[in-house]
Amino acid sequence: MTSPTSRFPLITFVGGGNMASAILGGLVRQGHPVDRMQVIEPWDEQRARLAQQFPGLTLLAAAGPELATPDLVIWAIKPQTFREAAAAAADFLGHPLHLSVAAGITSDSIARWLGSERIVRAMPNTPALVGLGMTGLVARTAVTPEDRTLAESVIRTTGELVWVSTEADLDAVTALSGSGPAYVFYFLEAMRDAGTRMGLPPEVAYQLAVGTFVGAATLAQRSGEPPQVLRERVTSKGGTTHAAITSMDAADIKGLFETALKAAQTRAAELGQAFGA
């Protein structure tokens, strides 16, 4: 008799760090059985943490004959270790769909290392850890509609997603949303520090800053109106907000911010060139 859990795809994670944990947690919350997932993670401490967090999860220090042939492999590793990990695991994976969340590494490199064309690249971000991630995806031409559905079903457990047309677009996604949480935290730091220098207790300034970001982002998401319209509604000419915006425009904050994002986009492409040979 077929086990009820066998209806779920068997998923292998190569790498067991934060992003793998976020996806594992999302899948478990959506009812994916732990015994239909396995993780290859060389670090003893990380395997111990995963074993405590997900009892019953199959954990391996390295790929080998004991690895069950998966339907999907999620490559949740650093770009600089991808090639080595692929060489070590490729002979034990069969012919699954491959989903890579490694920044910069192109699908051409992955296809060459794994001998497979069924590859989806994804760029998630750290809010996936709390189920509020934003992920961009791009697929090679050999990826079937069923493959796309499988990749989407996994990524949706961590938040929202968008498909883009080219891998160059994914470098822009990396700069915008992949690295984006760091920009938010950067502004939260700045707002907290400014509020403190203006006389507020640091914890109060931080609470005000976080609440403002959450509220403004939720308003933007729900209203459907362009951000400039929302901004103009709280920017009365001659008022306090107008003074702040005028100051930022004079300093060309938008221009500086675009320069910063382009630097991240360039670095994403460089990672692929540096580690994808």
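Read-outs throughout are calculated quantities, based only on the coordinates presented, and are distinct from any laboratory measurement. Everything numeric here is computed off the predicted structure, so don't read it as measured data. No Cβ is skipped: glycine too gets one built from the backbone with ideal geometry, and neighbour counts run over all protein chains shown.
Stretching residue 29 away from residue 247 to a fully extended chain increases their span by 73.9 nm, per 0.36 nm per residue minus the current alpha-carbon distance. Centre-to-centre separation between the Cα atoms of segment 173-195 and those of segment 14-85: 29 Å.
For the modelled label position 7 Å from the Cα of residue 225 along Cα-to-Cβ, which residues of segment 190-216 have backbone nitrogen atoms closer than 20 Å? In segment 190-216, the label zone of residue 225 (backbone N under 20 Å from the point 7 Å along Cα→Cβ) covers 212-216. GNM on the chain, alpha-carbon springs under 10 angstrom: the most fluctuating residue among 43, 75, 113 is 43. Applying a DSSP loop filter and a limit of 11 other Cβ atoms within 10 Å to the trypsin sites (Lys or Arg not before Pro) in segment 182-238 leaves 237.
Here the dipole of the chain is about 460 debye; that uses its Cα centre as origin and unit charges on the Cβ of Lys and Arg (positive) and Asp and Glu (negative). Modelled label positions at residue 7 and residue 45, each set 7 Å beyond Cα in the direction of Cβ, lie 4.2 nm from each other. When the chain is treated as a GNM with alpha-carbon contacts under 10 Å, the residue of 169, 44, 252 showing the greatest mean-square fluctuation is 252.
Here the spin labels are modelled as points 7 Å beyond Cα on the Cα-Cβ line, and at residue 200 and residue 273 they lie 4.3 nm apart. When the charge dipole of segment 4-164 is built from unit charges on Cβ atoms (+1 for Lys and Arg, -1 for Asp and Glu) and taken about the Cα centre, the candidate among 123, 99, 88 whose Cα reaches farthest toward its positive end is 123.
Taking the Cα-to-Cβ direction at residue 69 and at residue 146 and moving 7 Å from each Cα, how far apart do the two end points lie in nm? Once both label points are built, they end up 1.5 nm from each other.
Matching the structure-derived Rg/Rh (Cα atoms, Kirkwood Rh) against the labelled list (1) 0.95; (2) 1.04; (3) 0.93 gives the label (2). Exposure proxy shown here: for 248, 123, 134, the number of other Cβ atoms within 10 Å sets the order, fewest to most, as 248, 134, 123.
Each other residue within a Cβ distance under 13 Å of residue 36 adds +1 if Lys or Arg and -1 if Asp or Glu, for a net charge of -1. Distances between placed amide hydrogens fall under 5 Å for residue 125 paired with 134, all partners being 5 or more residues away or on another chain.
Applied to segment 167-174, the Karplus parametrisation 6.51 cos²θ - 1.76 cosθ + 1.60 on θ = phi - 60° returns per-residue 3J(HN,Hα) values of 6, 4, 4, 5, 5, 5, 4, 4 Hz, with x for Gly and Pro.
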